[in-house]
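Have a look at the structure below before the remarks.
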Amino acid sequence: MLASNVVVLTTGPGVGKTSTLDTILRLLLAKGVRVALAAPTHRAAKRMTEQTGVEAKTIHRLLDLQNAPAFRYDPELESYNSKW
């Protein structure tokens with residue numbers, strides 16, 4: 001993990017992803033590694049934040065912070081997205 005820029009942890013529900021994340025995160029932070037936590041849904045991001053104490057964001061919100069014009073968050077689309 002220390003040699004990689006991205007780590008994806010995926011498995012079924014109730015297997016221990018959040019607990020594993022918490023342990024990995026503590027190790028990385030102790031090593032001084034800069035981390036960003038992202039999840040596909042707001043609910044998952046909220047759970048990650050609650051478990052780890054480190055702010056997690058949804059993937060699309062995190063991309064907004066990366067200065068990538070092709071992936072900018074557009075608040076005007078909120079009403080459009082809520083229809084789906």
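The values are calculated or read from the model by the stated rules, or taken from the named source; none is laboratory data. No experiment lies behind these values; they were computed from the predicted model shown. Note that we place each Cβ from the backbone using ideal geometry, even for glycine, and neighbour counts take in every protein chain shown.
Brief remarks on what is shown
- Scanning the range 9-37 for residues that are assigned to a helix (DSSP H, G or I), modelled with pLDDT of 85 or more and among the β-branched types (V, I, T) yields T20, T23, I24.
- Here is the figure for the range 38-84: residues that are at pLDDT 85 or above and assigned to a loop (DSSP other than H, G, I, E, B) total 5.
- Scan of the range 2-44 for residues that are in contact (Cβ under 8 Å) with a residue 12 or more places away in the chain and more than 16 Å from the chain's Cα centre (by Cα), ordered by number: L2, K31
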